[in-house]
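The values are calculated or read from the model by the stated rules, or taken from the named source; none is laboratory data. Small disclaimer: the values here were computed from a predicted structure and weren't measured. FYI the Cβ positions are ideal-geometry reconstructions off the backbone, even for glycines, and counts take in every protein chain you see.
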Amino acid sequence: MNWPAVWSIYTHEMGRFFRTIGQSILSPVLSTVLYFVVFGAAIGGRIETVNGIPYGAFIVPGLVMLTVLQQSISNASFGIYFPKFVGTMYEFLTAPISFIEIVIGFVGAAASKAIFVAIIILITANFFVDLPIAHPVWAALFLLLTAVSFALVGFIIGIWAGNFEQLQIVPLLIVTPLVFLGGAFYSADMLPGIWQTVVKFNPVLYLISGFRWAFFEISDVPVGVSLAAITVFLALCIGVIGWIFRTGWKIKP
């Protein structure tokens, strides 16, 4: 493993993040405050508790997952697309580094950025609600697995995208709706009968449910199922990226 090469890619990507640290922090903090005002105050005034948890606290894991998914995908997709756009991608392909090292560098940086922003959101949320974490190790594990998995998704999107507009298609039209329909701001038990079954086909439900269990020990699906789902999804993403580099799809003439 060429760790100096991995570290070089990682630090280069992290440097881009810290050069705009104000924007990187200010945007999620403002979004969190707005979500608390709209959902926590407006809806929370009508729904005081969900499964015995104050509504303001209940939505925090969903807010964190929403941000982690968006940040992981956007950072990883832009990080790998830009070298394609300016033509420096071929330097990576001809350098004495393997595709595994390229992926670790870009995906590791994207996941680190998403986790950093998630921590900022959790700190911000504590100013609004009392937020206990029953299982901090499990919370960290779910956060890490989710950040890495969706950074891999972003990496795939960056390879696939033919222009900057396509980088936004999946996060805006697919991921964000899945988060809102995946129990980010409500419990699946609150849905009418048939919709409780339909929502089980939403993969994001398992991420949010597992992460929420780590906070409050309540979940819409068994925590073991949530952990298995994110692990399978991670393995699938790794398999797709391996195929991309073996075949040269979208990265070689």
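Things to note:
- A residue that is out of contact with any Leu (no Cβ under 9 Å at 6 or more places or on another chain), of a type in the set (D, E, K, R) and either surrounded by fewer than 16 Cβ atoms within 10 Å (Cβ to Cβ) or at positive phi (or both) occurs somewhere in the range 178-190.
- Of the helices (runs of 4 or more DSSP H) entirely within the range 131-244, those holding at least 2 residues that are farther than 17 Å from Ala110 by Cα and in contact with a strand residue (DSSP E or B) (Cβ under 9 Å, 6 or more places away or on another chain) occupy 203-216.
- The range 127-156 residues that are at positive phi, paired with ones that are part of a loop (DSSP other than H, G, I, E, B) and at pLDDT below 95 (beta carbon under 7 Å, 6 or more apart): none
- Filtered by the rule that a residue be at pLDDT 85 or above, of a type outside the set (Val, Ile, Thr) and in contact with a Gly (Cβ under 7 Å, 6 or more places away or on another chain), the range 162-214 gives Asn202, Leu205, Ser209.
- Pairs with Cβ under 6 Å, 6+ apart, first in the range 77-100 and assigned to a loop (DSSP other than H, G, I, E, B), second not aliphatic (A, V, I, L, M): Ile97/Asn2
- Test: residue in the range 154-167 that is under 18 Å from Ile238 (Cβ atoms) and of a type in the set (Phe, Trp, Tyr): yes
- Exactly one residue out of Ile174, Ile156 is of a type in the set (A, V, I, L, M, F, W, C), surrounded by fewer than 16 Cβ atoms within 10 Å (Cβ to Cβ) and out of contact with any His (no Cβ under 8 Å at 6 or more places or on another chain): that is Ile174.
- Taking first residues from the range 223-234 that are farther than 16 Å from Phe201 by Cβ and partners that are among the small types (Gly, Ala, Ser) and in a helix (DSSP H, G or I), the Cβ contacts under 7 Å between residues at least 6 apart in sequence or on separate chains come to Val223/Gly210; Leu227/Gly210; Leu234/Ser149.
- Any hit, the range 90-110, residues being of a type outside the set (A, V, I, L, M, F, W, C), within 25 Å of the chain's Cα centre (by Cα), crowded, with 20+ Cβ neighbours inside 10 Å and within 30 Å of Ala125 (Cα to Cα): yes
- The range 123-142, residues that are under 16 Å from Ile53 (Cα atoms) and in contact with a Gly (Cβ under 7 Å, 6 or more places away or on another chain): Phe128, Val129
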